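Dropping the structure in here first, questions after.
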Amino acid sequence: LHESIDYFNNQKVQFTVNLGDILDRDQKDLDSVLICLKHLNKKIFHTTGNHDYKGITDNKVLYKKLKMPSEYYSFMKKNWVFVFLNTNEIAAYSNVVGTAKEQDNLLKKSEKKNRNVLIFCHHPLYPRSQFTALNNMEILDVINRYNCVKAIFSGHHHSGAFGYFDHIPCNTVEG
């Protein structure tokens, strides 16, 4: 982690993205990791992975520690919209019983304003494998309606993968 932080700082990146699994199944390690991440010169944006939920009974506590505004969020830089999805919501370990979700019109608004969108999530959406999000086709069906989506980035599948879903490049980063 220290080597990665030094590398990012030396490259003068504008920000860093964590695609989830910042922990390996033990919540007591989170504080140590977060102390290390404070040495990044620029902001880090998180999405959560399946390992991050081990021992969590209140997701909001996890999101607060990671300084995530919510489980789904976005931000803008120039004409680019960066969208963070929670692909852990439909999983055997999810604990979202009784929560209400609202329809988000962010892609529609981005398309209308000629903005470019990059999507980040933990579980791959494509190419399909045993590691893809359980509702990957539903997510892709929505995303694919908008030409403003320029790429999807995910983690989870340690060997990585790449493929095009229609016109959208889907990059699963090696871990």
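The values are calculated or read from the model by the stated rules, or taken from the named source; none is laboratory data. Given the structure is predicted, the values throughout are model-derived calculations rather than measurements. Because the Cβ atoms are built from the backbone with ideal geometry, glycine has one as well, and the counts that use them run over all protein chains shown. Areas reflect the complete protein model, heavy atoms only, side chains present, ligands, DNA and RNA absent. Shrake-Rupley method; radii C 1.70, N 1.55, O 1.52, S 1.80 Å.
For the range 131-160, how many residues are surrounded by fewer than 19 Cβ atoms within 10 Å (Cβ to Cβ), among the small types (Gly, Ala, Ser) and in a strand (DSSP E or B)?
Residues in the range 131-160 being surrounded by fewer than 19 Cβ atoms within 10 Å (Cβ to Cβ), among the small types (Gly, Ala, Ser) and in a strand (DSSP E or B): 1 in total.
Could you count how many residues in the range 13-38 are open to solvent by 60 Å² or more (accessible area, probe 1.4 Å), within 22 Å of Phe153 (Cα to Cα) and of a type in the set (Asp, Glu)? If you could, list the steps in order and put the result at the bottom.
Residues of the range 13-38 that are open to solvent by 60 Å² or more (accessible area, probe 1.4 Å), as a first pass: 14, 24-25, 28-29, 31-32, 35, 38.
With the extra rule that they be within 22 Å of Phe153 (Cα to Cα), the set shrinks to 14, 24.
From what's left, of a type in the set (Asp, Glu): 24.
Count: 1.
Can you find, within the range 69-107, the residue that is nearest to Ala133 (Cα to Cα) among those that are β-branched (Val, Ile, Thr) and at pLDDT 95 or above?
Applying the filter and picking the extreme gives Val83.
What's the number of the only condition in (1) closer than 28 Å to Leu23 by Cβ; (2) open to solvent by 20 Å² or more (accessible area, probe 1.4 Å) that Pro124 fails to meet?
(2)
What number goes with the only condition from (1) modelled with pLDDT under 95; (2) more than 17 Å from Thr47 (Cβ to Cβ); (3) not acidic (Asp, Glu) that Ser110 does not pass?
Against the list (1) modelled with pLDDT under 95; (2) more than 17 Å from Thr47 (Cβ to Cβ); (3) not acidic (Asp, Glu), Ser110 comes up short only on (1).
Please identify the pairs in which a residue from the range 1-29 that is over 18 Å from Phe120 (Cα atoms) and in a helix (DSSP H, G or I) has its Cβ atom under 9 Å from the Cβ atom of a residue that is open to solvent by 90 Å² or more (accessible area, probe 1.4 Å) and of a type in the set (S, T, N, Q), counting only partners at least 6 apart or on another chain.
Between residues of the range 1-29 that are over 18 Å from Phe120 (Cα atoms) and in a helix (DSSP H, G or I) and residues that are open to solvent by 90 Å² or more (accessible area, probe 1.4 Å) and of a type in the set (S, T, N, Q), the close pairs are Ile5/Asn41; Phe8/Asn41; Asn9/Asn41.
Answer with yes or no whether Gly49 is on the phi < 0 side of the Ramachandran plot and small (Gly, Ala, Ser).
Answer is yes for this residue.
Taking only the range 66-82 into account, find how many residues are crowded, with 17+ Cβ neighbours inside 10 Å and touching a residue at least 24 places away in the same chain (Cβ under 8 Å). Reasoning before the result, please.
In the first step, residues of the range 66-82 are kept if they are crowded, with 17+ Cβ neighbours inside 10 Å; the result is 66, 68, 71-74, 81-82.
So of that shortlist, the ones also touching a residue at least 24 places away in the same chain (Cβ under 8 Å) come out as 66, 72, 74, 81-82.
Residues meeting the conditions: 5.
Starting from residues that are over 12 Å from Lys67 (Cα atoms) and within 20 Å of the chain's Cα centre (by Cα), keep the ones in the range 39-48 and report whichever is surrounded by the fewest Cβ atoms within 10 Å (Cβ to Cβ).
Lys42
Kindly provide the set of residues from the range 32-91 that are touching a helix residue (DSSP H, G or I) at 6+ places or on another chain (Cβ under 8 Å) and among the acidic types (Asp, Glu), ordered by number.
Asp52, Glu71
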